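The values are calculated or read from the model by the stated rules, or taken from the named source; none is laboratory data. Nothing here was measured: the structure is a model prediction, and the numbers come from that model. In this analysis, Cβ positions are derived from the backbone assuming ideal geometry, glycine residues included, and neighbour counts consider all displayed protein chains. SASA here: full protein model, heavy atoms, side chains in, ligands and nucleic acids out. Shrake-Rupley method; radii C 1.70, N 1.55, O 1.52, S 1.80 Å.
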Amino acid sequence: MSTRFHTLFSIAVNHGYYSNNCKDIQYVLSDDAKKIMRNGKLLHRIIDGQLHVLYEADSGGTPLRDVSGGRIQIGLQLANPLFSQFTQFSIPKNAWLIYKNQNSVTALDGPLETLTCSTVLRHTLVEATRPVTVGLNNDAGQLVAQSTVAALNGKEDVDFLMESHPPGVYQVLENYPLASYSEKYAYYPELMRSGVWGVCDIQIDAGFYTTPAQFEIAFLPVENTLKYYVVAKNYSDADYSNLAVTDAGFSEQGRAQIVFDRIEPASFSGDEIAPSLIKNNSDKLVLFKSQTAVARLEQVHKKIQLNLNGDVLIPNLPAPGASKAQADFIIHVAKP
């Protein structure tokens, strides 16, 4: 009997910054994930930044082992330390983003921001009011542990031992006489040791064996207002007035045209660099500022040009790269 492998599901990262696929996310399999993959005769491959989970099947396409109903937990790591410089991506300390396919088995829900916990979940109480009943619910909303703090004894934290509970997302509920509060925690102890920032917690559906699920994690690039401060030395008033910044590359790159406003120093706002920090008294200064915020691109915007009387002085003005936090540029031009 011959066997072959077919795709069970895949995970891809969609990011508008990249010209092709994003390869800045690494995938980390938990020990539980490796176990279910062994039991289910599954293997995984990373191809062009995408994770593919494959199942072994006989010559007729029937899986040798069916593990539908099981869960595969995959940690997400950053391979590029500059990722947050060009990505709308920020996670508070001691928090993770959790991606699950609960609402639709074939699509990831929006990221759930949770606190993290280890084998002891220590939850800080919101109020000093007593008594308070604190419950721990699993992902299915079932109460799995409960504690009551009856008196004002200075106790601000409630601990839950997690070792007997399976990995997943848990909710702590505080119930006071007149109020209630909740907080979600991610309990993935193995992945916590791997330095991940999030987890894909995939429930395997029987339908994946006939129609592979194609999961997607989406990120948006950072958007900046482009600012070109042009310092002109020995320029006449007429030439200074005819300086312009134009976008001659939008059609070639298949993107929206960037239009720039001309702003004189007297009209600089508090967000602009002070003229005294840029130019000498004899120099002329003008700011060319994009009318809208511009998304960062891996292939930087080409042919943003500085012109004088229709002639191109600088064919490609600088653009913010991955390591640059701002999009402010000082350009010096001079005449003899």
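Data table
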| item | result |
| --- | --- |
| Members of segment 264-283 that are open to solvent by less than 50 Å² (accessible area, probe 1.4 Å) and either within 19 Å of Ala238 (Cα to Cα) or in a helix (DSSP H, G or I) (or both) | Pro265, Pro275, Asp283 |
| Residues of segment 202-256 satisfying the condition of being buried (at least 18 other Cβ atoms within 10 Å of the Cβ), aliphatic (A, V, I, L, M) and out of contact with any Lys or Arg (no Cβ under 9 Å at 6 or more places or on another chain) | Ala213, Ile217 |
| Subset of segment 320-336 that is part of a loop (DSSP other than H, G, I, E, B) and of a type in the set (D, E, K, R) - its residue that is surrounded by the fewest Cβ atoms within 10 Å (Cβ to Cβ) | Lys335 |
| Single condition Arg193 does not satisfy, out of (1) in contact (Cβ under 8 Å) with a residue 12 or more places away in the chain; (2) surrounded by fewer than 18 Cβ atoms within 10 Å (Cβ to Cβ) | (1) |
| Matching helices (runs of 4 or more DSSP H) fully within segment 188-256 where at least 2 residues are within 29 Å of the chain's Cα centre (by Cα) and at pLDDT below 95 | 189-192, 250-253 |
| Ala179 vs. criteria under 21 Å from Ile25 (Cβ atoms) and not polar (S, T, N, Q) | no |
| Every residue from segment 210-260 that is among the acidic types (Asp, Glu), touching a strand residue (DSSP E or B) at 6+ places or on another chain (Cβ under 7 Å) and farther than 19 Å from Phe288 by Cα | Glu216 |
| Filter result for Asp261 (under 36 Å from the mean Cα position of the chain (by Cα), within 30 Å of Lys93 (Cα to Cα) and charged (D, E, K, R)) | no |
| Filter result (over 16 Å from Arg71 (Cβ atoms) and among the hydroxyl-bearing types (Ser, Thr, Tyr)) within segment 176-208 | Tyr176, Ser180, Tyr181, Ser182, Tyr185, Ser194 |
| Inter-residue pairs, beta-carbon under 6 Å, first closer than 14 Å to Gly75 by Cα and in segment 25-49, second outside any strand (DSSP E or B), 6+ apart | Gln26/Ala79; Val28/Ser194; Val28/Val196; Ser30/Glu190; Ser30/Leu191; Asp31/Glu190 |
| Any chance Leu306 is touching a strand residue (DSSP E or B) at 6+ places or on another chain (Cβ under 6 Å) and within 18 Å of Ser269 (Cα to Cα) | no |
| Residues being open to solvent by 30 Å² or more (accessible area, probe 1.4 Å) and part of a strand (DSSP E or B) - total across segment 129-144 | 3 |
| Scan of segment 174-187 for residues that are more than 20 Å from the chain's Cα centre (by Cα) and either open to solvent by less than 50 Å² (accessible area, probe 1.4 Å) or among the hydroxyl-bearing types (Ser, Thr, Tyr) (or both), ordered by number | Glu174, Tyr176, Ala179, Ser180, Tyr181, Ser182, Tyr187 |
| In segment 12-43, residue surrounded by the fewest Cβ atoms within 10 Å (Cβ to Cβ) [restricted to those that are charged (D, E, K, R) and within 20 Å of the chain's Cα centre (by Cα)] | Lys23 |
| Sole residue being assigned to a loop (DSSP other than H, G, I, E, B), at pLDDT 95 or above and crowded, with 16+ Cβ neighbours inside 10 Å, chosen from Leu317, Leu297, Leu306 | Leu317 |
| When residues of segment 70-127 are limited to those that are of a type outside the set (Val, Ile, Thr) and in contact with a helix residue (DSSP H, G or I) (Cβ under 7 Å, 6 or more places away or on another chain), the one surrounded by the fewest Cβ atoms within 10 Å (Cβ to Cβ) | Ser90 |
| The one condition in (1) within 29 Å of Met37 (Cβ to Cβ); (2) under 31 Å from the mean Cα position of the chain (by Cα); (3) of a type in the set (A, V, I, L, M) that Val144 fails to fulfil | (2) |
| Val259 touching a Lys or Arg at 6+ places or on another chain (Cβ under 6 Å), open to solvent by less than 70 Å² (accessible area, probe 1.4 Å) and either within 30 Å of Asn20 (Cβ to Cβ) or at pLDDT 95 or above (or both) | no |
